[in-house]
Every structure is written in structure tokens, then in C-alpha cells.
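Structure first, then comments.
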Amino acid sequence: MSKIGVTPLVKKSLIFEMMGEESGSVLILMMNRIISATVELGGSVKEVGETVSRIGTTLLNLRARREQNGRAFEASVYAMQGASSAIGGALLALLQVFETIFNTNVINAIFTLGKVNISELSLLLLAILVALSFANGISISIAYGKTFYSSLYFVGILLVITALTFHFTYVLTQGIFSGVFQGLPTVTNIPGNI
């Protein structure tokens, strides 16, 4: 026996909860739960709604501030990574220039310095810069509050910045100093050694 003209009862809290879950936002889900509890218990929806709205606005402002701080931190990390790579490239080029200078006969007779293995030093510098890229990428993702896997995106950007800055600084510094010290004299007979 069916009852005609009777509408089924719909639980309002279930509707609010489903709307919150569909939104995918924890903030909206919690607000909908508060509003649905207010409606079911017969509270003042206007007052509760205004309070919830103020709380939501404050939380959204905090989230926006965190995003802004994350962007500022990200930009500063990119700048520091670029500066570190530039310093590494310039240092390596300068060491090569000084090795060339101290290997000439004139200066080698006055100063005797130990051999510097440039290839080992360049590998060490690059390993340090790659490790810095990974550490900085993880710190950027932590600043944004994201997962570890999203840090791989930032690590990739940092590696590109590192490679380009290191290479161009190395080439430019080597070009400048090799041009300056191009005409070093080679003396075969030094006074006192004749």
C-alpha cells in the first residue's frame, strides 16, 4: 500500500555533508557541518553564518599569506642557488688560471705550489651544488606545505639554474683571465742558476 502525496524526509545534514565532500575542501566541509548542525538544532543561522564567514575569511587570508611567503622564499632560494653556482664557476676558472700562472718557469722558480687536480675539484663543486639543489627543492616544498614528490619540480628548476649559471660564469671568467694573462714570459735561465 503506497502513500500518495507524502514526500520523503531528506536529512539536511546529509545534504550539507555531501556538498562539503564534493567541494574537496576541508574548510568548506567543516563550515557546512556547522551550518547543518545549526539548522537541525534550530539555532540562529544568520549569527552562526556571520561567525563562520569571519573564521573562513581569516583562514583564507592565512593561506594567502603562506602562499605569498612561500613565493618570496622560493625566489630567494633561486637567487641564492644562482649565486652559489656563479661563485663555484668563477672559483674553478680562477684556480685554472692560477695553476697556469704558477706553472710558468719564472714564477715556478720563486714559488712552489702543490698540484691542483682541476677535474676532481670540478666534480666536487658540482656534487655540492647538486646536493644544494635537492636540499633547497625540498625546503621550498616544505615552505609551500606540499608533498615530497612536488619537491622534484623545484629540484629540476634548481638544477637548470645551477647548470646554466655555473657554465656561463665559468666560461666568462676563464675567458677574461686567460685574455689578461695570455702573454706570460717564459724564462729558461734564471740568475743564480746559470
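The values are calculated or read from the model by the stated rules, or taken from the named source; none is laboratory data. Predicted model, so just to flag it, every value in this text is computed and none were measured. FYI the Cβ positions are ideal-geometry reconstructions off the backbone, even for glycines, and counts take in every protein chain you see. Surface areas here come from the heavy atoms of the whole protein model, side chains and all, with no ligands, DNA or RNA. Shrake-Rupley method; radii C 1.70, N 1.55, O 1.52, S 1.80 Å.
Quick look at the values:
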| quantity | calculated |
| --- | --- |
| Förster radius 22 Å - calculated FRET efficiency between residue 160 and residue 71 (Cβ-Cβ, nearest 0.05) | 0.75 |
| 170, 144, reordered so the largest accessible area comes first (probe 1.4 Å) | 170, 144 |
| Simple spin-label estimate for residue 153 and residue 99 in nanometres, 7 Å along Cα-Cβ | 4.1 nm |
